[in-house]
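Worksheet: the structure to be examined is printed underneath.
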Amino acid sequence: MTVSTAQRSPSAAAPRPEGSRSPGGDRRRRNRYDGLTPWFFVAPTLAGVGLFYVWPTIQSFYFSFTEWGAFGGTTWVGIANYTRLFADPELLVALGNTVLYAVVALAGIPLAVWLASLLNRPGLRFRSLFRVLFFLPVVTVPAAVSVVWKLLYNGDFGMINYALSAVGIDGPYWLQTPVVAVIAVGIVGVWMSLGFNMIILGAGLQAIPDDLYEAAELDGASRFQQLIHVTIPLLTPSIFFLTVMSAIGAFKVFDLIFLMIGNTSPVIKETQTLVFFFYSKGFMVNDKGYAAAIGILLLLIIALVTFVQFRLQRKWVHYA
Amino acid sequence: MPSRSGRRQESNLVAYIVLGIGGLMMIFPFLYQLSASFMTNAEVQSIPKQLLPGELRWENYVNGINSFPFWEQLRNTTVFSIIRTTSQVLFCSMAGYAFARMRFPLKNVTFAVLLSILMIPGELLLISQYQIVQSFGWLNSMAGLVAPGMVSLFGTFMMRQFFLGLPKELEEAGRIDGAGPATIFFRIMLPLALPGVSALAVITFIECWGAFLWPLIVATRAEDMTLAVGIASFTGEHQTFYPQIMGVSLLIMLPMIVLFIALQRRVISGLAFAGMKG
């Protein structure tokens, strides 16, 4: 493909403001656009995105207004799926568990701030070793780490209850008790994301100028006071970023719930999250129209949570 | 200032203790997994707990591998991860470059549409994606496994950011020398973007290796599954084969752990870069 022919293609000519100062329209066109070449560069992505993202988005909205027959075929049912959804007690349970999981995930952020501030102490040795230790869970496979966590959480012979029994605590059946199970899975979620959060915060910490700490030290501020009055305020943009990302991630949690509690568990109905609820309707009982409505609700909830976070940010985030 | 540096060192002691204990807690599950993989089932379930196996029972690994189609699934996972990674790196770089540096009509509108789709939770799209793959007859096939992930909105966005940060002079020099856009891209810009490309490649590969929900839906026959789904279904069927399950799941993670330790800086900075820009 040669460029010169491509540049004269009709697609390049489409939206073009009248160039009053340009002597020849053809010449102007050639300067504004690069002809067909860019389309060749974006074509694979646009084709893939169109087929597997744009079209499914449109279709999902449509599906949420339909009911699926047992042998295929869909019937338009209007807002029936939504009225059914809002009357479904399972929705409240799934939503409550999802919020609980998100709370646990967000509680991991202060922990990450503290650890990241320790990791970024000036003159600290073995820094890269510590970084590897904390980061390792980030790069591993959820399906493969969940098996060992299930063993650690085992109510009869798990390491966690064994350790608790040493200090006289009779630990629960972690993954078989509603509420407790979601918190237990949330802790694994924190374990898996802690290293990532620490790295993001570390980048924010390195951007804080040293002379601020020197000034604080001259004023007699202790380490703790420096953390509260210098580090944390200047770190709020990174903390805000992590809060938004963690909340979005938490509202989409599925893997760990499926893997650690399991779709055959007797308590799964009480411990399911929104995406698990979606999956069980869409792919376990083939109630796909209903599942699509759950998916749309999830989209709206995530959009709302993100919007609220952005509105609240001006109250606590300090941009330098 | 001797007093100040003295104080720093003294208070770093707290950092060493906290990070040391915290770091050990972070890798304790892996260490216990390794240890339990050599135990007998009775040792795993014993009370009081034992931390180390009585002897190294390598046969747990052999038995674990032989109780499900491990090698087929390893091949599936490898092919799946390589195809998706190669495809995403190529297409995201191309599209990212076009969005960063080329001029074409509706560019900003198109990019804004892509960005807004990035905000949509991918889970919502599963039903429709499944329908499409099913209508192509691609269920239980490699084509079906890789299909929705051949391109990536996030990767396109990341590569666009990367190309925006590169100097324009080399491109212009290439153009003056008469190089076409393809030559400029593949010969000049792509090599310059190597740090971004390799970061994207590593992130994508790690993500593919652990991908769960889509492979779970598309592959229902054991020999078509990836390892992540395979180990979950193996665990579901053999709840109590603890040592074998621990061994096999460690084997699944081994390539990622080795990759991470070998490319530590690249992986961490790549993920941090991706995280901040994403």
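When region A:201-224 is filtered for residues that are surrounded by 14 or more Cβ atoms within 10 Å (Cβ to Cβ) and either over 30 Å from residue A:186 (Cα atoms) or aromatic (Phe, Trp, Tyr) (or both), the ones remaining, listed by number, are A:208, A:212, A:213, A:216, A:217, A:221, A:223. Take the conditions hydrophobic (A, V, I, L, M, F, W, C) and either touching a strand residue (DSSP E or B) at 6+ places or on another chain (Cβ under 8 Å) or within 10 Å of another protein chain (Cβ to nearest Cβ) (or both) and apply them to residue A:227. Does it pass? No, not satisfied.
Looking at region A:163-171, is at least one residue surrounded by fewer than 22 Cβ atoms within 10 Å (Cβ to Cβ), polar (S, T, N, Q) and without any contact (Cβ under 8 Å) to a residue 60 or more places away in the chain? Checking region A:163-171: at least one residue is surrounded by fewer than 22 Cβ atoms within 10 Å (Cβ to Cβ), polar (S, T, N, Q) and without any contact (Cβ under 8 Å) to a residue 60 or more places away in the chain. When the residues of region A:260-280 are filtered to those that are at the interface with another protein chain (Cβ under 10 Å from one of its Cβ atoms) and more than 24 Å from residue A:155 (Cα to Cα), the one that is surrounded by the fewest Cβ atoms within 10 Å (Cβ to Cβ) is A:279. Having 3 or more residues that are under 20 Å from the mean Cα position of the chain (by Cα) and not acidic (Asp, Glu) is the bar; report the helices (runs of 4 or more DSSP H) wholly within region B:111-172 that clear it. Result: B:142-146, B:153-164. Tallying residues that are part of a loop (DSSP other than H, G, I, E, B) and within 12 Å of chain B (Cβ to nearest Cβ) within region A:156-182 yields 3.
With respect to the conditions (1) over 22 Å from the mean Cα position of the chain (by Cα); (2) facing another protein chain (nearest Cβ under 7 Å); (3) not basic (Lys, Arg), residue A:143 falls short on a single one, namely (1). Restricting A:153, A:82 to residues that are buried (at least 20 other Cβ atoms within 10 Å of the Cβ) and more than 7 Å from chain B (Cβ to nearest Cβ) narrows the list to A:153.
Among the residues of region A:254-283, those identified as farther than 20 Å from residue B:129 by Cβ and hydrophobic (A, V, I, L, M, F, W, C) are A:256, A:257, A:259, A:260, A:261, A:267, A:268.
Any residue at all in region B:91-104 that is free of Cβ contacts under 8 Å to residues at least 24 places away in the same chain, surrounded by 17 or more Cβ atoms within 10 Å (Cβ to Cβ) and within 11 Å of chain A (Cβ to nearest Cβ)? Yes: region B:91-104 contains one or more residues that are free of Cβ contacts under 8 Å to residues at least 24 places away in the same chain, surrounded by 17 or more Cβ atoms within 10 Å (Cβ to Cβ) and within 11 Å of chain A (Cβ to nearest Cβ). Scan region B:173-198 residue by residue and report those that are assigned to a helix (DSSP H, G or I), small (Gly, Ala, Ser) and under 22 Å from residue B:266 (Cα atoms). B:196, B:198 - these are the residues of region B:173-198 that are assigned to a helix (DSSP H, G or I), small (Gly, Ala, Ser) and under 22 Å from residue B:266 (Cα atoms). Of all residues in region A:104-126, those that are in a helix (DSSP H, G or I) and either facing another protein chain (nearest Cβ under 10 Å) or without any contact (Cβ under 8 Å) to a residue 24 or more places away in the chain (or both) total 7. Restricting region A:268-298 to residues that are not in a helix (DSSP H, G or I) and not β-branched (Val, Ile, Thr), the residue that is nearest to residue B:119 (Cα to Cα) is A:272. Here residue A:129 meets each of (1) modelled with pLDDT of 90 or more; (2) within 13 Å of chain B (Cβ to nearest Cβ); (3) buried (at least 20 other Cβ atoms within 10 Å of the Cβ) with one exception, condition (3). Quick check on region A:216-233. Is at least one of its residues in contact with an Asp or Glu (Cβ under 9 Å, 6 or more places away or on another chain), outside any helix (DSSP H, G or I) and either charged (D, E, K, R) or touching a residue at least 40 places away in the same chain (Cβ under 8 Å) (or both)? Checked region A:216-233: no residue is in contact with an Asp or Glu (Cβ under 9 Å, 6 or more places away or on another chain), outside any helix (DSSP H, G or I) and either charged (D, E, K, R) or touching a residue at least 40 places away in the same chain (Cβ under 8 Å) (or both). For residue A:194, are the conditions met, namely being at the interface with another protein chain (Cβ under 10 Å from one of its Cβ atoms) and either modelled with pLDDT of 95 or more or within 26 Å of residue A:205 (Cα to Cα) (or both)? Considered against the rule, which asks whether it is at the interface with another protein chain (Cβ under 10 Å from one of its Cβ atoms) and either modelled with pLDDT of 95 or more or within 26 Å of residue A:205 (Cα to Cα) (or both), residue A:194 comes out as yes. Figure legend. Inter-residue proximity from region B:212-233: first residues at the interface with another protein chain (Cβ under 7 Å from one of its Cβ atoms) and aromatic (Phe, Trp, Tyr), second residues buried (at least 20 other Cβ atoms within 10 Å of the Cβ) and part of a helix (DSSP H, G or I), beta-carbon distance below 9 Å, spacing 6+ or different chains. Indicated pairs: B:212/A:142; B:212/A:143; B:212/A:255; B:212/A:258; B:212/A:259; B:212/B:228; B:212/B:229; B:212/B:232. The condition of being under 29 Å from residue B:261 (Cβ atoms) and touching a Ser or Thr at 6+ places or on another chain (Cβ under 9 Å) holds for only one of A:122, A:137, that being A:137. Residue pairs whose Cβ atoms lie under 9 Å apart, separated by 6 or more positions or on different chains, with the first residue in region A:35-63 and more than 7 Å from chain B (Cβ to nearest Cβ) and crowded, with 17+ Cβ neighbours inside 10 Å and the second at pLDDT 95 or above and not in a helix (DSSP H, G or I), are A:46/B:151. Looking only at residues of region A:281-305 that are surrounded by fewer than 16 Cβ atoms within 10 Å (Cβ to Cβ) and under 14 Å from residue A:251 (Cα atoms), we find that the one that is farthest from the other protein chains (Cβ to nearest Cβ) is A:304. Cβ separations smaller than 6 Å between residues 6+ apart or across chains give the following pairs from region B:58-73 residues that are within 16 Å of residue B:253 (Cβ to Cβ) to residues that are assigned to a helix (DSSP H, G or I) and of a type in the set (A, V, I, L, M, F, W, C): B:64/B:248; B:73/B:227.
Checked against (1) crowded, with 19+ Cβ neighbours inside 10 Å; (2) at pLDDT 80 or above; (3) not assigned by TED's automatic domain parsing to the domain that holds residue A:288, residue A:12 meets all criteria but (2). Taken over region B:36-69, the criterion of being more than 10 Å from chain A (Cβ to nearest Cβ), outside any loop (DSSP other than H, G, I, E, B) and within 23 Å of residue A:136 (Cβ to Cβ) is satisfied by B:60, B:61, B:64.
Conditions tested, residue by residue: (1) over 24 Å from residue B:146 (Cβ atoms); (2) of a type in the set (Phe, Trp, Tyr); (3) buried (at least 23 other Cβ atoms within 10 Å of the Cβ).
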residue: B:192; (1), (2), (3): yes, no, no
residue: B:196; (1), (2), (3): no, no, yes
residue: B:216; (1), (2), (3): no, no, no
residue: B:219; (1), (2), (3): no, no, yes
residue: B:228; (1), (2), (3): no, no, yes
residue: B:234; (1), (2), (3): no, yes, yes
residue: B:252; (1), (2), (3): no, no, yes
residue: B:256; (1), (2), (3): no, no, no
residue: B:263; (1), (2), (3): no, no, no
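The values are calculated or read from the model by the stated rules, or taken from the named source; none is laboratory data. Treat the numbers as computed from the prediction; the structure is a model and nothing was measured. Note: ideal-geometry Cβ built from the backbone for every residue, glycine included; neighbour counts use all protein chains shown.
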